[in-house]
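Following: one structure in structure tokens, then a few remarks.
The values are calculated or read from the model by the stated rules, or taken from the named source; none is laboratory data. Keep in mind that what you see is a predicted model, and the values were worked out from it rather than measured. Quick reminder, even Gly has a Cβ in these numbers, built from the backbone with ideal geometry, and neighbours come from all protein chains shown. Each accessible area value is taken on the protein alone, full model and side chains, heavy atoms only, with ligands, DNA and RNA left out. Shrake-Rupley method; radii C 1.70, N 1.55, O 1.52, S 1.80 Å.
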Amino acid sequence: LAPVITVVPVFLLMAVIPFGPDLTILGRRVSQGLAAEVNVGALYILAIASIAVYGIVIAGWASNSKYALLGGIRSSAQMISYELALGLAFIGPILLADSLNMAEIVRAQRGIWFVFLQPIGFFIFLIGSMAELKRAPFDMPEAEQELTAGYHTEYSGMKFALFFMAEYGKMIAVSFIAATLFLGGYWGPFVDRLPILGPLYLIAKVLVLLFLMIWLRATLPRLRYDRLMAFGWKVLLPLGLL
């Protein structure tokens, strides 16, 4: 079950992302998003993102291997630690838009993107999401010299593929969330006149964020585990509160 529990939340996260303003087709209003107008969209994202921790713990425990179990515990400790800072990064856009509705947060950015009003929040969100995704320089589960491959040591074939699909799918989902919260979402020039431009602007912003994630992976060395945890608790959390 562990690979399934890890991969399903990734697709559920996309449900509340607004991909563009409502379209009018044959006199009927059509929403560009599955459940974009949910009143508690931001809360839903935090709740669903937390489920993936269970998948990783179960993956390590079910393997009946000390390496995998240690990897699972270590990964879950990392995810839980950085999720606190990530949750605090959400608060800025929510307060500025005065709503938990993701579509409302996008509409509130018509004048100015929240990244200019909340640059520290955006910085924390990016770092926290990189740690949450276990991407370099926070890729502790893949610290081969210490844990062989962490929680997915004993997995192969399609189950192994599901873990990696979850990681790369979550990269895309997190980029959509970051673009929606801080970079104006689908909003851009002429969107009010041509609503179909909305998804194109959003995808362009997501591609820039994905490029940044892969760029960081190629640039920065892996952190030592104790420094990674100290950074989460002693640097990111106080910065998030600030």
Of the residues LEU126, LEU183, LEU223, LEU228, which is aliphatic (A, V, I, L, M), in contact (Cβ under 8 Å) with a residue 24 or more places away in the chain and open to solvent by less than 10 Å² (accessible area, probe 1.4 Å)? LEU228
SER175 fails exactly one of the following numbered conditions: (1) open to solvent by less than 10 Å² (accessible area, probe 1.4 Å); (2) touching a residue at least 40 places away in the same chain (Cβ under 8 Å). What is the number of that condition? (2)
Any residue in the range 62-82 that is modelled with pLDDT of 90 or more and under 21 Å from MET165 (Cβ atoms)? yes
When the range 5-43 is examined, which residues are found to be hydroxyl-bearing (Ser, Thr, Tyr) and within 21 Å of GLY198 (Cβ to Cβ)? THR24, SER31
Kindly evaluate GLY198 against the criterion of being touching a Leu at 6+ places or on another chain (Cβ under 7 Å) and in contact (Cβ under 8 Å) with a residue 60 or more places away in the chain. no
